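Take a look at the structure below.
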Amino acid sequence: MRRISLIFSFFLILTGCKTVQKNTLREMDISSSENNISTVFVKPKTDEEIRNAYAEYLKHTAKDDNSRMAAINRLAELEFELSNRIQQENESSENNPDGELDDHLYDARLNKTIELLETSLRDYPNSPNNDKILYQLSKTFAQQGAHNKSILSLSSLVKKFPKSNFYTESQFRLAEEYFSKQDYIGAEDAYTEVIIDPKTNVFYEKAVFKRGWARFKQELYIAAIDDFMEAIEYHQFDDAGNLDKPEQVQFDEYFRAIGLAFSYLGGTDPIFDYFNNRPDFKYIFQAYTTVSRIYLQQERFSDSADTLEQFTKHYPVSEHIPQAHLTIITIWKDSGFTNQLFKAINSFYSHYNPGSEFWKINNTPTNIQEKIDQSLKEYVLLMSSHFHNQYQNNHSPDDFKKADKWYKRYLEHYANYARQDNIYFLYGELLSENKLDSKAIGYYELAAYDNELLINKKASYATIIVTDRLINQNHKELKQFWMNKHIDYALLFGQMYPKDKESANIILHAAELSYSSSQFEKAIDLTELIPDNAMPATIYNANTIKAESFFNLGRYAEAESIYTTMLQFDTKRKDREITTDKLALAIYKQGEQESNNGNGNAAVRHFIRLTAVAPGSAIAATGLYDAIAYYMSKQEYENAIINIKKFQQLYPDHELGTDIVKKLSVAYLNSNQGIKAAREFERISTFENDREIKMAALWQAAELYESKKDFRSAIRSYKEYVKEYKTPYPQYAEAMSRLVILYSSDNNPRNANYWRNQLIKSDKNTARKNKTDRSKFLVSKATLYLAEQSYSQFKKHDLIRPLKTNLLKKKKAMKKAVRLFGQASTYGIQEITTQSTYSIASIYYEFSDALLNSERPVKLNDDELEQYEILLEDQAFPFEEKAIEFYETNLSHIKDGIFNEWIRKSLAQLKILFPARYKRKTKVDPYINVIF
Amino acid sequence: MKLQNRIKLIPVALVFFMTGCSTKPNPVTAPSPSPGSETSESRIINEFDDIDRVYYKKALTALYDDDLDKAETILIQLIDSNPDFAGPQANLALVYYKKGAYKKAKNEIKKTLELNPDLPEALNLSGMLEIEDGNIQQARELYLKALVLNDEYANAHHNIALLYDIYFQDIEKAIYHYQRYLELTKTGGRETQDWLEHLKASLKAKG
């Protein structure tokens, strides 16, 4: 029953205006009129009471009663209202358990209504109001679902009452009935009856439109189009853009009808021909568009596009031309005909790019302008994207050129939207894919950064990748340029996306580059961006760079800290060794810095802690050595000794070991531990490989022993020296000289003389060029000493009886002494030469004197004695002459500027031996007769 | 006491004043028999007042008479009041030389030569003192300088002759200067004359 109600809803709407019958039974129907105002109070009656009153009335009323027909019709009306109420209540109450009962009541009321109306028609067939009874009956049949009976009632109505107020509506309903039964001719006629009725306009537009369809069904397309056009014009639609939704729906429906009609006429000529005769029709473009759309729905893409092309051709100055172009593009786009699409877009671009003539003379509405602008941008993007994709797929140079062209067009016209549309990045991608990195980087940068702000992660990543490639491709200056950019970008990326899975590697690589280009501060900044959860190897490598950077910046304490951290990593033994060495070097450098700043004690603390932190490192020994050197320089010998001992313990085989021993010796020496020092030197001379060092050490040891009066050890050392080092000769001679002195001090003249003789012997065996003044002096002194010993021997031999024997001994001693003095004087040492010369002169003089004063033979008489003494004088005189000769020899040195003790003594002797010459005096003035 | 002495010494001082001043080097060829005699030439000075001259004369007389202590006393007083005069200084040096006080003599002669570096007697005395110290070369230079200043300085000729003879054993030069000495003194002494002959003979013997 509900379904039936719905079918007739349309009908009910159409019949919404009812005619209220006023009759004599007014008093029975008091509640039916709200307009009745009584001066006397009358109690209102219920519908039920009214219906019962009418029914009761009819039971007792005769057929010829004038009021009976009115009562029947009124009761029919009440029954129909009741059926409607039942239907409404039934529809409003959901899950009504009494639904079936209600349907039954509903049907009963309808049947009652039909029975009453049919009674009225039967009993009063000529009543002038029967058009209304028929109309009511048709309606009630329709509500009951008795369609044919309903139509029959209407047919009867239009036939019998052509002037009825219900005529137009009934014709319309009949037209609809014909149309639904595909009786298009009947429908066309019935609609025409509605159209031509001058009294009504309620059904006019609908009827015109439906007649158009009826004609359409009869393939009377032009006539159908005429009706459709009439409906449109009758409706008076607002401008296309201003329609509300229901209006738009209707508008579309009308134009769809027109479009279909034209489409069935075929091609684009009919539409042009039709409108050629109606140039003022304001919806020509909509007509073309609709036809085009219909073709499109029929997948007649070429026809669809062609329809609009024709429009653009026939109406070149229409404001709808841009829309037509856009729609054509859409058609090709949706159809997938790319060649046609690109052709259309190219054409569109030519017409509407921002530099085209269109914009110069344009009077297009703003909304259209905006649409063009927006669409053009969209299509430029489409073209860029298409050719870019093509290039990515096949790497065709042609595709590259096209993509390049469209990207450039975009950037030329829509640079302000480039970031928003990601064009900088995409164009960068295109260029980069074609290995044009140096061009690509500029666009990647525009995409990625706004000043120093990173705004596009993907583009930023691309700048990093591309700059890295550029670093490897370009010459030195550009290489640095790209490297700096790469580093800056990596820094930004790392700061912005520290947790990105690529960040760690990017940062590490940039840090490596920074380090390799000596940008140590940046390298440090970068490594600090490495996240804590990065791979251990990455963190380790970053730490390496960081530490090295700190080191190169002279920030050694920070470098040390990082190296220390690195040692906590689980790495290979060799790596650990290297890190330990670097750690040690960082500490060493701290010491060096303190030292350079004049903070010696602080420096030493660093040097010494090296041996605690990294005793096995190469630099640790050097550090300790420097600490020792510092203590030595500051004469802190006790500290020096402590650390030297430590050095010897930690680094027994170190190359500085020898030097350390020397320092130890010096430290001992300066801390009054001379003997210990000497022992160290002596030790050096045994293990040292360098002959020079060995020699020097042994000499040092000997001198130390000597200075500390450990003569036995000194002698041992000098003897060892003489034994081992015969060259250089001067030092060798010196060693023998020292032995002479030491043995002399030790009251061992025999050994002293042994070394004097060894000294003299070595001199004889040595080339002149290897001798020095000192060595000559030492030898001459030794010779002089031996000569003096002989001189003493000479003096001891008195010329007493047996004179001959003693004379021989004295002469022999004299000869030896003279020979030795003569030898001593040959070394060119002035002092010794003059002493020797004086001594020789003295020996001769003393021998002469000894002869003259020798013991006389006992048995000589006076004459013999006199003769003997004359002989003695003859013997002695040559020696005296010799003596004078040697004394004078000494005086000969005066002209060379020499006047020493021996010359003075020689002169004194000459005054005795040769007074006539040498004892004469200077002439002294008695006074000097001068005042000033 | 001093004032009285001064009054007494006035006539002597006047004589000395008249004869003691000269702008030339002292032309004395031999010591005067007595200081201030007519034969000795003196230099005129204004600064050395009459009383000083009297005392100076007394000092020189004492020196001449080998009264070395007296000469020393007077000269020291004179030098004290007239420190800028070379003559008193030179004679004080001579006093010390004669006494054998060579160190003092050398000290005084150094002051003398600072006051008057061209005083031949001082140069001669200085040469003699250098010989005592063994500075033979230096002594020769001083003698030669004295002779350049006064070639007729007999004692300087003798002393350099002796130096060449003994120390340099340059007999030819010794002979020359012995001869010049003998020429200037005329009564130079038999001893020097004999030695000169000996030298000439030995030179001849050497060929």
Query - Where B meets A: accessible area buried, both sides, 1.4 Å probe, Å² - result: 3500 Å²
Requested in this report: Below 19 Å Cα-Cα, how many Lys pairs turn up in segment A:431-563? Only count pairs eight or more apart in sequence, or on different chains, if you could.
Outcome: 17
Query raised in the report: Between A:Ser792 and A:Lys646, what FRET efficiency comes out of the Förster formula 1/(1 + (r/R0)^6) with R0 = 60 Å and r the beta carbon distance, rounded to 0.05?
Result: 0.55
Report task. Please identify every one of the GluC sites (Glu not before Pro) in segment A:256-325 that sits in a loop by DSSP and has no more than 16 other beta carbons within 10 Å of its own beta carbon. Result -> A:Glu299, A:Glu319
Requested in this report: Compute the accessible area of each residue in segment B:166-182 twice, once for its chain alone and once with every protein chain present, using a 1.4 Å probe on heavy atoms, and list those whose area falls by at least 50 Å².
Outcome: B:Ile166, B:Tyr167, B:Gln169
Query - For the protein assembly as shown, accessible area per residue (1.4 Å probe, heavy atoms of protein chains only), Å² - result: 52 Å²
Query raised in the report: Which percent of the accessible heavy-atom area of chain A goes to carbon and sulfur, probe 1.4 angstrom?
Result: 50 percent
Requested in this report: Just name one of A:Gln593, A:Leu376, A:Ile331: the one whose Cα is farthest towards the positive end of the charge dipole of the protein assembly as shown (beta-carbon charges, Lys/Arg +1, Asp/Glu -1).
Outcome: A:Gln593
Query - Positive dipole terminus of the protein assembly as shown, leading residue within B:Ala59, A:Ala876, A:Val930 (C-beta point charges) - result: A:Ala876
Query raised in the report: Just going by the charge dipole of chain A, with Lys and Arg at +1 and Asp and Glu at -1 on Cβ, which of A:Tyr725, A:Ser180, A:Ala908 is farthest out on the positive end?
Result: A:Ala908
Requested in this report: Determine which aspartates and glutamates satisfy two conditions relative to A:Lys662: a Cα distance under 13 Å, and not lying fewer than 8 residues away in the same chain.
Outcome: A:Glu680, A:Glu682, A:Glu688
Query - Calculated FRET value between A:Asn201 and A:Met496, using beta carbons and R₀ = 60 Å, to 0.05 - result: 0.25
Query raised in the report: To the nearest 20 debye, what charge dipole does chain A have about its Cα centre, counting +1 at the Cβ of each Lys and Arg and -1 at the Cβ of each Asp and Glu?
Result: 9000 debye
Query raised in the report: Could you sort A:Arg74, A:Arg605 by accessible area so the largest value comes first, with the probe set to 1.4 Å?
Result: A:Arg605, A:Arg74
Report task. Please work out the C-alpha center-to-center distance from segment A:552-610 to segment A:340-359 and express it in whole Å. Result -> 71 Å
Requested in this report: Run down the lysines and flag those whose C-alpha is under 23 Å from the C-alpha of A:Lys859, throwing out any fewer than 8 positions away in its chain.
Outcome: A:Lys804
Query - Centroid-to-centroid separation of segment B:124-166 and segment A:869-916 [C-alpha atoms, Å] - result: 24 Å
Report task. Return the calculated 222 nm mean residue ellipticity for the protein assembly as shown, to the nearest 500 deg cm²/dmol, obtained by summing -39500 (n - 2.57) across DSSP H runs with n ≥ 4 and dividing by the residue count. Result -> -24000 deg cm²/dmol
Query raised in the report: What's log10 of I(q)/I(0) for the protein assembly as shown at q = 0.06 Å⁻¹, Debye sum over Cα points only, no solvent?
Result: -0.92
Report task. Only counting protein heavy atoms at a 1.4 Å probe, give the residues of segment A:864-912, ordered by number, whose accessible area falls by 20 Å² or more when the other protein chains are present relative to the chain alone. Result -> A:Leu891, A:Ile894, A:Lys895, A:Phe899, A:Arg904, A:Leu907
Report task. Pick out, in residue order, every one of the trypsin sites (Lys or Arg not before Pro) in segment A:802-892 that is DSSP loop and has at most 13 other C-beta atoms within 10 Å; say none if there are none. Result -> A:Lys859
**Report entry** Spin-label pair A:Ile361/B:Asp49, simplified geometry with 7 Å Cα→Cβ offset, distance in nm
**Finding:** 14.0 nm
Requested in this report: Pairs of Cα atoms under 8 Å, at least six residues apart: use those to get the relative contact order of chain A, whole percent.
Outcome: 3 percent
Query - Under 19 Å from the Cα of A:Lys761 - aspartates and glutamates, other chains or at least 8 residues apart - result: A:Glu720, A:Glu724, A:Glu734, A:Asp773, A:Glu788
Query - Exceeding the 20 Å Cα-Cα cut-off - candidates A:Lys63/A:Lys159; A:Lys895/B:Lys111; A:Lys132/A:Lys159; A:Lys163/A:Lys210; A:Lys343/A:Lys377 - result: A:Lys63/A:Lys159; A:Lys895/B:Lys111; A:Lys163/A:Lys210
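The values are calculated or read from the model by the stated rules, or taken from the named source; none is laboratory data. Just so it is clear, the structure is predicted and the values come from calculations on it, not from any experiment. Neighbour counts are summed over all protein chains in view; Cβ atoms, including those assigned to glycine, are modelled from backbone coordinates with ideal geometry. Just the protein is used for accessible areas: all its heavy atoms, side chains included, with ligands, DNA and RNA removed. Shrake-Rupley method; radii C 1.70, N 1.55, O 1.52, S 1.80 Å.
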